[in-house]
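In what follows, a structure is listed as structure tokens, so that the remarks can point back to it.
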Amino acid sequence: MGAKYYVTTPLYYVNAKPHVGHAYTNVIADCMARYQRLRGADVFFMTGTDEHGEKIKKAAHQHQQEVKPYVDSVVEHFTALWEMLDIGYDFFIRTTDQFHQHAVQEVIRRLDRNGDIYKASYRAFYCVPCESFWTEPQIKETEGRCPDCRRDLQEFEEENYFFRLSKYEPWLKSQLREHPDWIRPQVRYNEVRGFLENNPLEDLCISRPRSRVSWGVEFPLDPEYVVYVWFDALLNYISGAGYLTDPDRFGRVWPADVHFMAKDILRHHAVFWPVMLRALGLPQPKVIFAHGWWKFEGEKMSKSRGNIIDPRQIIPQLGGGREDESSSGVDALRYFLLREVPIGMDGNYSWRAIVNRMNSDLANDLGNLVYRTINMTEKYAQGLVSGISSPLPESFAGVFATVKSEYPRLMDQGDFSNALAQVFEFVRLMNKYVEERKPWELNKAGRTDELGVFLYHLLEGIRVVAVYLSPFIPGTARTIFRQIGIDSSLLARQGALEHADWHADGSFHVHKETPLFPRIDVD
Ligand code: MSP
């Protein structure tokens with residue numbers, strides 16, 4: 001059994017259906033989970049939904065529904081999308097799960113016993129048209145106006161419960177100083193340090209009076225209140241790992257190896273969450289990874305801006321009706337998201353960009369290599385090729401060695417785009433190899449042995465490439481294995497990265513199918 005690896009995504013709000021932005025984080029987390037399993041880790045991958053708060057209740061009422069049936073129906077949209085996108089999570093947590101709510105309440109009781117919670121007056125600002133609440137620091141930049149709609153706000157004051165965040169400021173600063181790799185990428189680490197240098201940590205208001213927020217976890221110290229949604233939601237990372245319900249499992253799984261999220265919710269994860277853990281006496285997550293935003297027509301894709309792209313609408317348009325259970329559209333989208341932008345940067349979604357990526361890398365380079373190799377194997381070798389002590393050809397050696405050393409290094413850092421770039425160097429090299437060796441001439445000249453070795457090199461190279469690509473485009477990797485006559489269940493096995501080594505004595509019984517990816521007209 002390899003080392004454990006615990007990877008998380010944020011819990012998505014269920015006030016609307018998922019879009020490409022949500023899909024992005026889950027594809028990233030899934031890619032990391034699959035890669036870690038490939039290299040032998042015992043992976044626990046958790047995702048889920050954030051279901052409390054007035055925003056959710058309002059959405060339910062807009063749909064003329066009671067809250068619980070409404071959230072149940074939106075959750076189904078998320079799970080259906082994850083299934084479609086081949087997201088292999090181990091556990092799906094919902095903040096309305098009873099065990100989670102109990103954990104939230106127990107945490108508050110513990111923090112209270114430690115003297116970390118107190119009641120005091122809370123001053124905040126209310127936007128009547130948006131029905132949203134803001135605190136003073138949140139409206140600093142908009143000079144006292146609503147950060148969403150820029151209208152005037154009404155000030156109000158009420159009694160609430162606070163968590164003593166400020167007490168932990170010196171600890172948090174030293175934690176950051178001592179762990180420069182804790183928050184990634186570097187620019188986000190700098191941002192959090194800068195924020196702490198310039199803003200003294202204020203205690204966090206963790207309750208909301210029932211009179212204005214009724215859909216939430218009951219505040220255990222006072223039934224007139226519910227728990228602030230962020231305080232509730234962040235605790236999923238431990239409740240879902242078995243904190244309180246399964247201490248043995250929790251002991252094995254915690255701390256998380258990486259929390260993935262977008263940069264807009266970094267502060268919650270890099271300030272509130274670490275302090276909550278510290279106050280509970282629990283170890284810190286190993287890495288907090290904030291990726292960039294997907295934008296559409298220049299603006300961050302989001303429901304409130306109304307510029308969302310629904311993955312379930314674009315996938316069928318990218319699909320080529322491959323003869324297997326997973327459509328090429330799913331992998332075209334996964335590939336695009338992981339390849340198009342380096343993980344910390346913002347990306348621009350466009351139909352043109354996704355189709356161009358698919359046509360050039362997946363249809364032209366990868367699809368063409370696999371198709372022509374299988375075609376030649378059927379034509380020149382009756383579909384059957386064996387390697388008899390066929391070492392790596394010299395012309396592959398350089399690129400092969402680079403992929404072998406760079407791939408794990410880049411994947412460990414979450415640099416998926418460059419890891420893919422490395423693998424595709426090898427794909428392109430093999431296409432070049434076909435042009436250079438001119439197999440049709442070897443065939444004409446009756447040089448059958450040479451032709452067999454040549455085909456073996458390509459098939460073995462394709463097999464290795466499929467192993468490397470399996471975390472990114474798992475359906476395609478399985479299809480490739482099937483087409484070259486290898487058991488595709490190998491790819492799902494813990495430690496399957498060992499199959500990326502060159503085998504000098506393998507054999508392939510190929511089976512031609514439709515090309516892996518169709519070429520699509522951009523316009
Ligand atoms: N419920 C909170 C998170 C609680 S975690 C304990 C929340 N939910 S959300 O529905 O707004 O989802 C935010 C997350 O969705 C982002 O952190 C990111 O992972 C993903 N994204 C949403 N829109 C996105 C883009 N336009 N681009 C990239 N990621 C996006 O915040």
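Please indicate, with yes or no, whether at least one residue in the stretch 264-271 is under 17 Å from the mean Cα position of the chain (by Cα), open to solvent by 10 Å² or more (accessible area, probe 1.4 Å) and near the ligand (Cβ under 10 Å from one of its atoms). Yes, the stretch 264-271 contains a residue that is under 17 Å from the mean Cα position of the chain (by Cα), open to solvent by 10 Å² or more (accessible area, probe 1.4 Å) and near the ligand (Cβ under 10 Å from one of its atoms).
Set side by side, the residues G242, G281 differ, and just one is under 22 Å from the mean Cα position of the chain (by Cα), surrounded by fewer than 22 Cβ atoms within 10 Å (Cβ to Cβ), on the phi > 0 side of the Ramachandran plot and modelled with pLDDT of 95 or more, which is G242.
Restricting the search to the stretch 451-490, which residues are in contact with a strand residue (DSSP E or B) (Cβ under 7 Å, 6 or more places away or on another chain), in a helix (DSSP H, G or I) and open to solvent by 10 Å² or more (accessible area, probe 1.4 Å)? G452 - this is the single residue of the stretch 451-490 that is in contact with a strand residue (DSSP E or B) (Cβ under 7 Å, 6 or more places away or on another chain), in a helix (DSSP H, G or I) and open to solvent by 10 Å² or more (accessible area, probe 1.4 Å). Here is a check on your reading of the model: is E141 modelled with pLDDT under 90 and either part of a loop (DSSP other than H, G, I, E, B) or exposed (fewer than 15 other Cβ atoms within 10 Å of the Cβ) (or both)? Judged against the criteria, E141 is a match. Taken over the stretch 39-64, the criterion of being open to solvent by 10 Å² or more (accessible area, probe 1.4 Å) and under 13 Å from T8 (Cβ atoms) is satisfied by V43, F44.
Residue pairs whose Cβ atoms lie under 7 Å apart, sitting 6 or more positions apart in sequence or on different chains, and linking a residue in the stretch 284-306 that is of a type in the set (D, E, K, R) to a partner that is within 7 Å of the ligand (Cβ to nearest atom) and open to solvent by less than 50 Å² (accessible area, probe 1.4 Å), are K295/M301. Scanning the stretch 1-38 for residues that are open to solvent by 10 Å² or more (accessible area, probe 1.4 Å), within 13 Å of the ligand (Cβ to nearest atom), in a loop (DSSP other than H, G, I, E, B) and not small (G, A, S) turns up N15, K17, H19. The condition of being touching a residue at least 12 places away in the same chain (Cβ under 8 Å), assigned to a helix (DSSP H, G or I) and open to solvent by 20 Å² or more (accessible area, probe 1.4 Å) holds for only one of D86, D112, D72, that being D112.
Here is a check on your reading of the model: is A290 open to solvent by 10 Å² or more (accessible area, probe 1.4 Å), within 21 Å of the chain's Cα centre (by Cα), within 10 Å of the ligand (Cβ to nearest atom) and of a type in the set (G, A, S)? Against the criterion (open to solvent by 10 Å² or more (accessible area, probe 1.4 Å), within 21 Å of the chain's Cα centre (by Cα), within 10 Å of the ligand (Cβ to nearest atom) and of a type in the set (G, A, S)), A290 does not qualify. Where residues in the stretch 116-137 are more than 22 Å from E224 (Cβ to Cβ) and exposed (fewer than 14 other Cβ atoms within 10 Å of the Cβ), which of them is modelled with the lowest pLDDT? Filtering first and then ranking leaves P129. Considering the stretch 298-396, the qualifying helices (runs of 4 or more DSSP H), each wholly inside and each with 1 or more residues that are in contact with a helix residue (DSSP H, G or I) (Cβ under 6 Å, 6 or more places away or on another chain) and either open to solvent by 50 Å² or more (accessible area, probe 1.4 Å) or within 16 Å of the ligand (Cβ to nearest atom) (or both), run over 311-318, 328-340, 351-357.
With respect to the stated conditions, D181 is in contact (Cβ under 8 Å) with a residue 60 or more places away in the chain, surrounded by fewer than 17 Cβ atoms within 10 Å (Cβ to Cβ) and of a type outside the set (A, V, I, L, M).
The values are calculated or read from the model by the stated rules, or taken from the named source; none is laboratory data. Because the structure is predicted, anything quoted here is derived from the model rather than measured. Note that we place each Cβ from the backbone using ideal geometry, even for glycine, and neighbour counts take in every protein chain shown. These area figures cover heavy atoms from the full protein model, side chains too; ligands, DNA and RNA do not enter into them. Shrake-Rupley method; radii C 1.70, N 1.55, O 1.52, S 1.80 Å.
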